[in-house]
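Presented below is the structure to which this report refers.
Throughout, read-outs are computed from the coordinates displayed, never taken from laboratory work. Owing to the predicted nature of the structure, the values given are computational and were not obtained by experimental measurement. For neighbour counting, all protein chains shown are included, and Cβ atoms are generated from backbone atoms with ideal geometry for every residue, glycine included.
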Amino acid sequence: MSFRDKLLALAIVIVWGVNFVVIKVGLQGMPPLLLAGLRFAFVAFPAILFIKRPKLPFKWLLLYGLTINFGQFALLFWALKLGMAAGLASLILQVQAFITVFLGALLLKEKIKVHNLISIAIAALGIYMLATAQTQTAASLSWFTLVLVIGAASAWAFGNITNKVIMAKHTVPTMSLVVWSALVPTCAFAISSMVFEGSDLIVQSLVLIKWHNILALAYLSYLATIVGYGGWSYLLSRYETSLVAPLSLLVPVFGLLSAMILLDEHLSLHQVIGVIIIAIGLIFNVFGSRWFANRKPVHSAAPSSK
């Protein structure tokens, strides 16, 4: 990987890591469904005027938009609005990697390998450590917000499977899929915000919108989504997936660090142990197959004939 592309990869994971802090800031004075809806509205417009619609059946565009965009961010924004710590959310959301493995086996008949099962067991232990941590003086986490973020990770995993099916059957430019699929969550969030948050709160939030809300929307729409996904697609097109994909493990690192620096979030010792265990599980899930592949069976030396 060239030095320029290394800088691009680092910039993307930093942007995606800080993304969770930005969501927290954006939610100050704005309801979660409205904020998420505006995010995808700005992703779609005016980009759809310049980017061609992807050539695939509408059902796949709908399914992709409802899972990886609407489902994931509705639950994530809700959890963060309820007080979920941004740093912890950035890490727990990565369990989508394990859920994707299970869904791949269930829906696509893919095989679950030994290292996948070991890594899932390790991460499950880490999540249990986080869930049972005392949070009165540490980063906020409750069973309900934990379930919400795991639900968001599940929606992301369903989106991964949908994306895999789309790419297997159709030739679709990544940016075309990102931009046009944003129309689906824009409509879904508009309807759900009207139903659950109400027109009065929507109008009040828009009339009284602050600069931090506007800047957060710009960051989420253009940096985290368009620039982030566009840059990531560029890297995947130039380099092997095995080289690019592991870089996403840095996202929760920058998520935790930025939350600590910008939001003064601190983890208890119990939570730190949970974070480390989950990180080990994620790393083993990515590199475990290589470890097993490099292991050579030990054979006893055959007795020499004399």
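For the chain, count all C-alpha to C-alpha pairs, find those more than 37 Å apart, and express that count as a whole percent of the total.
Values: 7586 of 46665 pairs.
Tail fraction, whole percent: 16.
R0 = 25 Å: FRET efficiency of LYS109 with LYS59, Cβ-based, nearest 0.05?
0.75
So if R0 is 30 Å, what FRET efficiency would SER237 and ILE191 give, r being the distance between their Cβ atoms, rounded to the nearest 0.05?
On the way: r = 35 Å, r/R0 = 1.18.
E(calc), rounded to 0.05, equals 0.25.
Compute the Cα gyration tensor for the stretch 158-207, then decide on rounded, prolate or oblate, letting a ≥ b ≥ c be the square roots of its eigenvalues: rounded whenever a/c is under 1.5, prolate when a/b is larger than b/c in the other cases, and oblate in all that remain.
prolate
If packing is taken as the mean number of other Cβ atoms within 10 Å per residue, what is the order of 145-155, 220-230, highest first?
Per-residue mean Cβ counts within 10 Å order the peptides as 145-155, 220-230.
Normalised by the residues of the chain, what does the relative contact order come to in percent, with Cα pairs under 8 Å and at least six apart?
This gives 41 percent for the chain.
Compare the Cα positions of TRP78, TYR222, SER258 along the charge dipole of the chain (+1 at Cβ of Lys, Arg; -1 at Cβ of Asp, Glu; about the Cα centre) and return the one farthest towards the positive end.
Farthest towards the positive pole: TYR222.
Can you list residues whose amide H is under 5 Å from ALA85's amide H, if they're 5+ apart or on another chain and H is modeled 1.01 Å from N?
SER140
Quote the FRET efficiency, to the nearest 0.05, computed for ARG290 versus ILE261 with a Förster distance R0 of 41 Å and r equal to the Cβ-Cβ distance.
Details: r = 34 Å, r/R0 = 0.82.
In this case the efficiency is close to 0.75.
Contour minus end-to-end for LYS169 and ASP200, with contour as 0.36 nm per residue of separation and end-to-end as the Cα-Cα distance?
Full-extension gain reported as 6.7 nm.
Going down the list LYS81/LYS210; LYS109/LYS164; LYS55/LYS109; LYS55/LYS164; LYS24/LYS210; LYS52/LYS169, which pairs span over 20 Å between their C-alpha atoms? Don't jump to the answer; show the numbers that get you there.
Numbers: LYS81/LYS210 17 Å; LYS109/LYS164 13 Å; LYS55/LYS109 26 Å; LYS55/LYS164 15 Å; LYS24/LYS210 14 Å; LYS52/LYS169 18 Å.
Those over the limit are LYS55/LYS109.
Where does each of 248-256, 282-290, 209-217, 97-105 land if you order them by average Cβ count within 10 Å, highest first? Intermediate values should be presented prior to the final figure.
On the way: 248-256: 20.8, 282-290: 17.6, 209-217: 15.3, 97-105: 19.1.
Top to bottom by mean Cβ count within 10 Å: 248-256, 97-105, 282-290, 209-217.
Using 0.36 nm times the number of residues separating LEU269 and PHE144, minus their current alpha carbon distance, what extension gain do you get?
42.9 nm
Helix by helix through the chain, keep the DSSP H runs that span 24 Å or more along the axis on Cα and average at least 0.0 on Kyte-Doolittle, and give those back in order.
Helices passing the filter in the chain: 3-26, 114-131, 143-169, 269-294.
In debye, nearest 20, what is the charge dipole magnitude of the chain about its Cα centre with +1 on Lys and Arg Cβ and -1 on Asp and Glu Cβ, if you could check?
So the dipole magnitude of the chain works out to roughly 1220 debye.
Under a no-solvent Debye model with one identical scatterer per Cα of the stretch 1-99, what's log10 I(q)/I(0) at q = 0.15 Å⁻¹?
Evaluating at q = 0.15 Å⁻¹ gives log10 I(q)/I(0) of -0.81.
Is the shape of the stretch 112-234 rounded, prolate or oblate, going by the alpha carbon gyration tensor and its root eigenvalues a ≥ b ≥ c, with a/c under 1.5 for rounded and a/b larger than b/c for prolate?
Oblate is the answer for the stretch 112-234, as a/c is 1.5 or above yet b/c matches or exceeds a/b.
Tally Lys and Arg at +1 and Asp and Glu at -1 over the other residues with C-beta under 14 Å from the C-beta of VAL286: what net charge comes out?
+1
With unit charges on the beta carbons (Lys and Arg positive, Asp and Glu negative) and the dipole taken about the Cα centre of the chain, which residue among SER181, VAL272, PRO57 sits farthest to the positive side?
The Cα lying farthest towards the positive end belongs to PRO57.
Find out how many positive minus negative residues lie around MET84, taking Lys and Arg as positive, Asp and Glu as negative, among other residues whose Cβ is under 15 Å from that of MET84.
Value of the local net charge: +1.
How far apart, in nm, are two points set 7 Å out from the Cα along the Cα-to-Cβ line at ILE48 and at ILE283?
Reported label-point gap for ILE48 and ILE283 is 4.4 nm.
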